[in-house]
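A short worksheet on the structure shown next.
The values are calculated or read from the model by the stated rules, or taken from the named source; none is laboratory data. Predicted model only: the values in this text are computed from it and were never measured. Counting neighbours? That spans all protein chains shown, and the Cβs are built from the backbone with ideal geometry, glycine included. To get the accessible areas, we keep the full protein, side chains included, count just its heavy atoms, and leave off ligands, DNA and RNA. Shrake-Rupley method; radii C 1.70, N 1.55, O 1.52, S 1.80 Å.
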Amino acid sequence: MQPLLFASRQLGRLCLLVAGLALLALMSVTIVDVLLRMAFRLSGGALNWSVIGSVELVRYLLMFSLLAAMAASVERSQVVVEAFSHGLSPVLKERLGGLFLFGFVVLGTVMAIGLWQEAAIAAQRGQVTQDLRIPMGPIYQFGAVLCALLALRSLLHAVLGAFFATEGGGVHHE
């Protein structure tokens, strides 16, 4: 059980790092774009600087930050409503939480496969982004990897919760 928890924590840290970097880049692009637009307005159009493709950059950075954050917070992301489970033992609650996480395994797997297939199609057709002309294949591949991490971390916590009833496996306790 300890190796599973250790592996999950390390993957969670990696996902948090990716989410944080993507969010930092997203905010940086947005701030620079807003400042340059303000400079354009204040100068009466004399300073015509702008961040080319800022909407495009923000779109994909937001996708990366959300997918990485989902993968990083699998074990803490459930909202537990104890209307029906308040009388159940903590072990049974952990097992039910672990079973619930198997749904995220399926979700992450389906999303990863779908994005990987889209990456192959985009690479085959030579699809690029509209403004910056960045190849779409690697963007979809990175999204697929993040979805696979969601599936993997969900699987680790589903096993810990459903089979071992380990605290922090199926349900997050604060």
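Note on segment 100-113: residues that are open to solvent by 70 Å² or more (accessible area, probe 1.4 Å) and over 25 Å from PHE164 (Cβ atoms) amount to 2. Quick check on segment 77-99. Is at least one of its residues farther than 30 Å from GLY161 by Cβ, open to solvent by less than 70 Å² (accessible area, probe 1.4 Å) and aliphatic (A, V, I, L, M)? There is no residue in segment 77-99 that is farther than 30 Å from GLY161 by Cβ, open to solvent by less than 70 Å² (accessible area, probe 1.4 Å) and aliphatic (A, V, I, L, M).
The residues in segment 114-133 that are open to solvent by 20 Å² or more (accessible area, probe 1.4 Å), of a type in the set (A, V, I, L, M, F, W, C), under 17 Å from MET63 (Cβ atoms) and at pLDDT 95 or above can be counted, and the count is 3.
Scan VAL51, VAL58 and give me the residue that is more than 19 Å from LEU155 (Cα to Cα) and part of a helix (DSSP H, G or I). It would help to see each step written out before you state the result.
Values: VAL51 fails: part of a helix (DSSP H, G or I).
Going through VAL51, VAL58 in turn, just one is more than 19 Å from LEU155 (Cα to Cα) and part of a helix (DSSP H, G or I): VAL58.
Between LEU42, LEU35, LEU62, the distinction of being closer than 25 Å to VAL145 by Cβ and open to solvent by 40 Å² or more (accessible area, probe 1.4 Å) belongs to LEU62 only.
There is no residue in segment 67-82 that is in a helix (DSSP H, G or I), within 19 Å of ASP131 (Cα to Cα) and at pLDDT 95 or above.
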